[in-house]
Structure formats: C-alpha cells, structure tokens
Amino acid sequence: MTRMNYNKYCEILRQTALEAGKKIMEIHSHGFKVSYKEDKSPVTIADEAAEKIILRDLKNIAPHIPIVAEESASAGNIPNVDNIFWLVDPLDGTKEFIARRKEFTVNIALIENGIPTFGIVYAPALATLYTAKNPKICTLQQVTDLITLGDEKVINVRDVPSSGIAAVASKSHRDDETNELLEKYNVKDILSIGSSLKFCLLAEGKADFYPRFGPTMEWDTAAGHAVLNAAGGNITHPDGTRYLYNKPNFKNGPFIATGKMTL
C-alpha cells in the first residue's frame, strides 16, 4: 500500500471543509433554488459551490489520486479508479438543507484497497467537525464563527450500556426491514438524525448501531465510515461480510454500522 500523508491531509482538508461549510451557510441564509437530477434527487447551488472548493484542494494536494465526487459523477464525470481514490459528498443531507434543518454535512474520504482510511465529516450548522486522522484515531472539534477550529478531542465507540441498545435511524428513509431489526434487538432508544451524522453518533459513543437497507451511494457513507472505523466501530453487509468500496457504479447495498455491539 502506498504510504499516505495523513497529517498533511488533516492540516489542509480541515480548512477546505471549513471553507466549503462557510459557503454552504452563506447560501443557506441568503436563499436558493432547488433543481432535480435525473434520479429525482434534489441539488442546489450549495452542493455545486462546496464541491468546487473541495475538488480544487484535492487536486492541489494529491494530483495523482482520482476523485469521485457526487455532483461531478451526476454530470457524467467519473474517473477510472483503482486501489486509491477520494470519495466526496459536498453536501450530504440536501433534503435537510432545503428544509432549513441543521443536519447536513461536508464529506471527504480517502479509500485505500476498498477501505476508508481517512475522512472528514463537517456539520457547519452544528459547528462540529469529525476527523478520521488515520485508520486508528478519530477526533471531534467544535468550530467558532465557521472559521476557527477548537481543541481536538479523541472519540471512541462506547461499550453497550446495560440499560439497553440505542440505535440511529434515518429521518427520511425508514423502512420495514429497518424496523424489524430494531425490534429484533429490543432497542431502547432510537435517535433520528439526517446525513452522515448517524455514523458520527456511533463514533462519539452516543448510540450502538445504525442499520440501513434503503439505497445509498458510496460518497454518502465513505467519510462517516472512516470516522466510525477510526473510533473503533465497523460496517458490514447484513450477512456480516466486509463492506468495501469501489463497487459497480459506486452504489451501496444494505449495511449495518455498529460500535462495540455484536450482532
């Protein structure tokens, strides 16, 4: 495996995420029009503006690494990728953004041999930034005035509490299979939240598992997956096999994300 300069990526791409988040918040406050892509999913100028910022910096720091980014891919610009590539979702939770909720994120992830090894999830409206600094260390930082990063706090998944399991479920995409699994494990608390923040709640030790059977794309999950992995968690297919990236057309199948919980 080619040695990655994770420290350099942290230093530069955290600032990239802040810049993208600031642009998103400017558009969020000033108003915007909503368009729809061929797959009927919504897109705004905030998605496009944030992606432009992220692509600029990724091309500068690692010109040899191909980039698969949501809006570029939707426009048909998909590079050939091999073992190492970036996955970018410039604005995950567009529906939350349009509804003027706060649960949307900027997502940047590095994939190595099918595994997310570095990632950033930034929630600008919540002033919170998560970083998988490398495959083994995950941190949380608060952000002041959209531009200043606070002190790093190392975060880890929690032991399953004796009081019972807490699960995270999508606000927009709950289905019967998800509900059946929640019932199977006698879940005591269900936290509903949008975007890749679901993975971050597990990483931060606020919940124990997150099942998802509805459709997603790899850029929807890669950065959150990196954060969860680095915090000691895991994502598998429902049958327990490894959940890898660079699947056909970058489409995800069902998955179950867990902290220390054993399925």
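Coordinate-derived values only; no laboratory data. Given the structure is predicted, the values throughout are model-derived calculations rather than measurements. Cβ atoms come from the backbone with ideal geometry, glycine included; neighbour counts cover every protein chain shown.
Please list, ordered by chain and number, the residues whose modelled amide H lies under 5 Å from the amide H of T216; skip anything fewer than 5 residues away on the same chain.
N252
Work out from phi, with θ = phi - 60° and the Karplus expression 6.51 cos²θ - 1.76 cosθ + 1.60, the ³J(HN,Hα) of each residue of region 162-169, listed in order in whole Hz, and give x for Gly and Pro.
Karplus-based 3J(HN,Hα) across region 162-169 equals 5, 6, x, 7, 10, 10, 10, 9 Hz.
Tell me, what HN-Hα J-couplings in whole Hz come from the Karplus equation 6.51 cos²θ - 1.76 cosθ + 1.60 at θ = phi - 60° for each residue of region 47-53, using x for Gly and Pro?
Whole-Hz 3J(HN,Hα) from phi for region 47-53: 4, 5, 5, 5, 5, 4, 5.
Taking the Cα centre of the chain as the origin, how large is its charge dipole in debye, to the nearest 20, when only Lys and Arg (+1) and Asp and Glu (-1) carry charge on their Cβ atoms?
Here the size comes out at about 300 debye.
Under 10 Å, Cα contacts only: if you run a Gaussian network model on the chain, which one of Y130, Y243, Y122 comes out with the highest mean-square fluctuation?
Most flexible of the set in this elastic network: Y243.
Which residues' amide hydrogens lie under 5 Å from the amide hydrogen of A69, considering only partners 5 or more residues apart or on another chain, with H built in the peptide plane?
Under 5 Å from the amide H of A69 lie the amide H atoms of V88, each far enough along the sequence or on another chain.
Which number comes out as Rg/Rh for region 166-258 once both Rg and the Kirkwood Rh are worked out on C-alpha atoms?
0.92
Can you give me the P(r) profile for region 68-191? Cα pairs, bins 10 angstrom wide beginning at 0, each as a whole percent.
The calculated distribution, bin by bin, is 11, 28, 38, 21, 2.
Put +1 on the Cβ of each Lys and Arg and -1 on the Cβ of each Asp and Glu in the chain; which of G114, N134, Y245 then has its Cα farthest toward the positive end of the dipole?
Of the listed residues, the answer is N134.
Tally the DSSP beta bridges in the chain and give the antiparallel ones as a percent, rounded to 5. Don't jump to the answer; show the numbers that get you there.
Details: 41 of 49 bridges.
For the chain, the DSSP antiparallel bridge percentage is about 85.
³J(HN,Hα) across region 4-12 via Karplus (A = 6.51, B = -1.76, C = 1.60, θ = phi - 60°), whole Hz, x for Gly/Pro?
Each residue of region 4-12 in turn: 8, 8, 4, 4, 5, 4, 4, 4, 7 Hz.
With N set to the number of residues, divide the alpha-carbon radius of gyration of the chain by 2.2 N^0.38 Å and report two decimals.
Taking N as the residue count of the chain, the ratio is 0.94.
Amide H to amide H under 5 Å from I84: which residues, 5+ apart in sequence or cross-chain, H placed 1.01 Å off N in plane?
So I84 has HN proximity to N113.
Under a Cβ-Cβ cut-off of 9 Å, what is the net charge of the residues other than A69 that fall near it, where Lys and Arg count +1 and Asp and Glu count -1?
Values: positive: none; negative: E51, E70, E71, D89.
Counting the neighbours of A69, the net charge comes to -4.
Taking a virtual spin label 7 Å from the Cα of R242 along the C-beta vector, which residues in region 101-132 bring their backbone nitrogen under 13 Å of it?
Inside the label zone: 112-117.
What does the highest-first list of 201-207, 235-241, 6-12 look like by mean Cβ count within 10 Å?
201-207, 6-12, 235-241
Please check: in the Gaussian network model of the chain (C-alpha springs, under 10 Å), which one of N229, N156, N60 has the largest mean-square fluctuation.
N60
Please rank E96, E152, fewest neighbouring Cβ atoms within 10 Å first, as an exposure proxy.
Taking fewest neighbouring Cβ atoms as first place, the list is E152, E96.
Under the definition of Cα pairs under 8 Å and six or more residues apart, what whole-number percent is the relative contact order of the chain?
17 percent
Considering only DSSP beta bridges whose two residues both sit in region 130-263, what percent are antiparallel, to the nearest 5?
80 percent
Using a Gaussian network for the chain with springs between C-alpha atoms less than 10 Å apart, which of these wobbles most: D145, D89, D220?
The residue with the greatest mean-square fluctuation here is D145.
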